[in-house]
1. In the calculated pair distance distribution of the range A:217-313, what percentage of Cα-Cα distances lie above 19 Å?
2. Counting only other chains, what is the mean number of Cβ atoms within 10 angstrom of the Cβ of each residue in peptide A:70-83?
3. Return the FRET efficiency for the residue pair residue A:171, residue A:271: r is the Cβ-Cβ distance, R0 is 51 Å, and the value is rounded to the nearest 0.05.
4. FRET efficiency for residue A:163 and residue A:250, Cβ-Cβ distance as r, R0 = 51 Å, nearest 0.05?
5. Suppose only helical runs count, i.e. DSSP H with n ≥ 4. What mean residue ellipticity at 222 nm does that imply for chain A under -39500 (n - 2.57) per run, divided by all residues and rounded to the nearest 500 deg cm²/dmol?
6. Looking at chain A, what % of its DSSP beta bridges pair antiparallel, to the nearest 5?
7. Please state, as a whole number in µm²/s, the translational diffusion coefficient that the Stokes-Einstein equation yields for the range B:150-194 at 10 °C and 1.306 mPa s, with Rh defined as the Kirkwood radius across alpha carbon pairs.
8. With contacts defined as alpha carbon pairs under 8 Å and 6 or more residues apart, what's the relative contact order of the range B:15-134 in percent?
């Protein structure tokens, strides 16, 4: 059981607080991704967990043992760094064995362990090479090898794929996921790339300004974002947000904007004339009419073709509005679309003042 | 005749006109390049001029090493004597002694002096308190900025038999005063020690720069792996700065026959010639004091050729062993 608990974790640099009391519990064998924009404190949180940054306040525990004052080497963690942190003067085998040699593991044992790890990561033919002679993906695998060779309780990944090109990133993402499935080690992964977060995580922790905005499974965050920050951060393209005024009637709730009336979910906390933001994901906007859907008039400015899908860009109420449609291989006439349809159950309503999502009845 | 050749070899005309057009193109490119980048060349000019005036132009005078040079006849009019001066030099015990002293002093400087800046850089890198680090660095850099005359004055004063701090300390421990600067057996130690004290701090800047270029995540990764600071020093820092160490070593080997001339002149005296007279002081005495310019030029040329060969050898070895080289 390798659970990780962060209790009211704080990090201050002088008078500046960069992590404001984070509470998080990572279950054993879980893959948790910390995601957020640059400077949101995700890497700092991970580094506090690794022991590379001093903890200004709160508590970190691994397997119910508080490790605030435990040296990094005794925390039973392994970390994969953004720039791989491979020793340029050592071969792949020596790099993988570095941690074991430091811990004075017998040479024969090191040899066997390194060979096993190299086999798992398909590095066997590269064991004698230096990092400079490896491709980005191979270096990343060596970095992972260095981490897994020690059989730690927890893996920490600090943006390990951000130095790779898009194609390799996709491939390595899958390899990391498979490796986690195979090893079943509790993993905490930091990234600013929400696609990486969505594809890898059992649970995602969205952070902003040193605080946790929302914790949940990828689909929870996608479908029920807690606030507009999460709504716009998770999902690509992000959720479209429209400012409106609420109209609560006996037949249901409506959002009024630009002389239009759109049926929105019935919300108990909504009162008549409330200022709201209603959001709809680009994927949930329809281009064909359906029963109960609200029709809006738009003029498509740009069509971006992605193959099986296309992104339609238009201006709506002075803001950029994006619609994602399936093309089925054809993009004819998409630029001539003039009407879009919002279905009631595809809409998320946020309080304009707090930007928090309102609960559906 | 010209026409006949051109008739029978039609390619001759074509190729010469092609060469002309390539030359014109290159010239045009050069003019454009100078017009565009003249500021960079202007900044480079002082160094180039310095090299031409003080290093390349004097090479013309090297020929006097093979001539019976007379200042009245000049360089070109003086008669050639072949390698006569070199034979004379190698028959001269003083020159052989100077070579031996040069090699011994340089060798000692290299063996004892070369590692000191590296050790200093590694130590500075380990100092966490920035104030202490700055102070320590200033203290060790300072001697470099003091002129050789003052350094020699400090050494002479420190080793003075009756009032020197070293002898006072010896006296305090019950030992007799030692006339260090007139004892040949002490000269090399004092000279090498002074050189280390004067230059080690400043020399550490290059290594400190190399140390600061080491990727910090290598250390973080090692910390997570459980490496101690000492292990990080010899398993990460040293191997990472090895290319810089090798480059500095090659340069140092190239200068192995260039012992600090001013400092020797100021510290040595006839009593210590036995261990203190080096090639540069020998050249100075032969050339300027005895006015044997041709002999001094021969000694200087010998010095330069050996230094050149040493650099080539060191560079080749370094290239083969560690893939690090000057060129």
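1. That fraction is 52 percent.
2. 3
3. The pair residue A:171/residue A:271 has a calculated efficiency of 0.50.
4. 0.30
5. The helix-only estimate for chain A comes to -7000 deg cm²/dmol at 222 nm.
6. DSSP beta bridges in chain A are roughly 75 percent antiparallel.
7. Approximately 149 µm²/s, per Stokes-Einstein.
8. RCO, the range B:15-134: 10 percent.
Just so you know, all these numbers are worked out from the coordinates, no wet-lab data involved. Worth saying up front: this structure is predicted, and the values here are computed from it rather than measured. All Cβ positions, even for glycine, are placed from backbone atoms using ideal geometry, and neighbour counts span all protein chains on display.
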